Structures are given as C-alpha cells and as structure tokens.
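S.K.: Okay, here's the structure, questions in a sec.
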Amino acid sequence: NMDCEFPTVNSKSEEIIEIFKNTKTIAIAGLSPDASKASNMVAVYLQNAGFKIVPVYPKEDTILGEKVYRTISEIPFKIDMVDIFRKPDAIAAIVDEVIARGDVDTVWTQLGLVNNEAALKAKINFYEKQLQIYKKNNLQY
C-alpha cells in the first residue's frame, strides 16, 4: 500500500487534537442539505462542537443556517480547514482552489488529513492513478 509513504497525521490523535485546537472555520465542499448524508451529519456534529461551518454546494442559499457558497474560491474570509465530501474525480480541482487561496491550514478528504501542500499534491496524484486503474478495470470506487 503506497499510501503510507505520504506524511499525513491520520494515526496520531494528539496531532489531530492540536489541529482542531487551531481550527475555527471549516468549509465543507459537497455539504448536502439532505440530513441522511454523511456530509450533513458531519457538519451538524462540527456545528454542535462549536465550529463555524461554511457550506460549499451547487444549489441552495442556506444549509444548516449558513450561507452557501458555490466554490471555495469565493468565500470572502479566512478558512482554517476544508473538508471535502465529493467524488474522487472532483477532489483535484478543489485542492487547486485551496492551494490558490493560500489561507487554508488543513484539508480533510476520504484520504485522511493533510496539512502540507506537497503531501496533498502527492496524494492527489496517487489518487488519480488509482482512479485510472479502477476505470481501466471497470471497478467501482
């Protein structure tokens, strides 16, 4: 499993706690208004834990009482963390937006937690290769 080569903080709970201590505002890319979806449940959990959540979604004006933005780029204030709930083939474009912003400290995807731009790029490249293999073999991801 190539995945272990990349520096992520998946396994170290102290480091995760440290990251969350410095996190106040979390943009959630793919925050569904549907309460039965994982993205919505996570957002509610984070709201209840005291974080400001910023929904990023193609539809709706407000989700969970917060103004919805269409893209990460158009959020006009500092974002500490971006949490991505999108299909794998949409992740790379969002990561580019995150890097272009320059003010996001941490990104969380299905891949785990990454707070290092190089690791993020490496993971995305790794992920895209995996996707190509899946598509070639007609596997579901």
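The values are calculated or read from the model by the stated rules, or taken from the named source; none is laboratory data. Here the structure is a predicted model, which means the values were calculated and not measured. Surface accessibility is based on the protein's heavy atoms, side chains included, excluding ligands, DNA and RNA. Shrake-Rupley method; radii C 1.70, N 1.55, O 1.52, S 1.80 Å.
S.K.: Assuming 0.36 nm per residue, please report the length gained on full extension of the stretch residue 101 to residue 48 beyond their Cα-Cα distance. Walk me through the numbers on the way to the answer.
M.R.: Values: separation 53, 0.36 × 53 = 19.08 nm, distance 2.70 nm.
Length difference between fully extended and current span is 16.4 nm.
S.K.: Leaving out ligands, DNA and RNA, and with a 1.4 Å probe, what % of the accessible surface on region 23-98 is carbon or sulfur?
M.R.: 55 percent
S.K.: Additional query: Run the 1.4 Å probe and let me know the accessible area of residue 34, rounded to the nearest 10 Å².
M.R.: Here the residue's solvent-accessible area equals roughly 60 Å².
S.K.: Quick check: with the 1.4 Å probe, what order do 25, 71, 62 take by accessible area, largest first?
M.R.: Working: 25 20, 71 50, 62 85 Å².
These residues rank, largest area first, as 62, 71, 25.
S.K.: Sticking with this one: Mind grabbing the accessible area of residue 60 for me, 1.4 Å probe, Å², rounded to tens?
M.R.: We get 80 Å² for residue 60.
S.K.: Still on this structure, please answer the following. Relative to the present Cα-Cα distance, how much length would full extension add between residue 89 and residue 71 at 0.36 nm per residue of separation?
M.R.: Length gained between residue 89 and residue 71: 4.9 nm.
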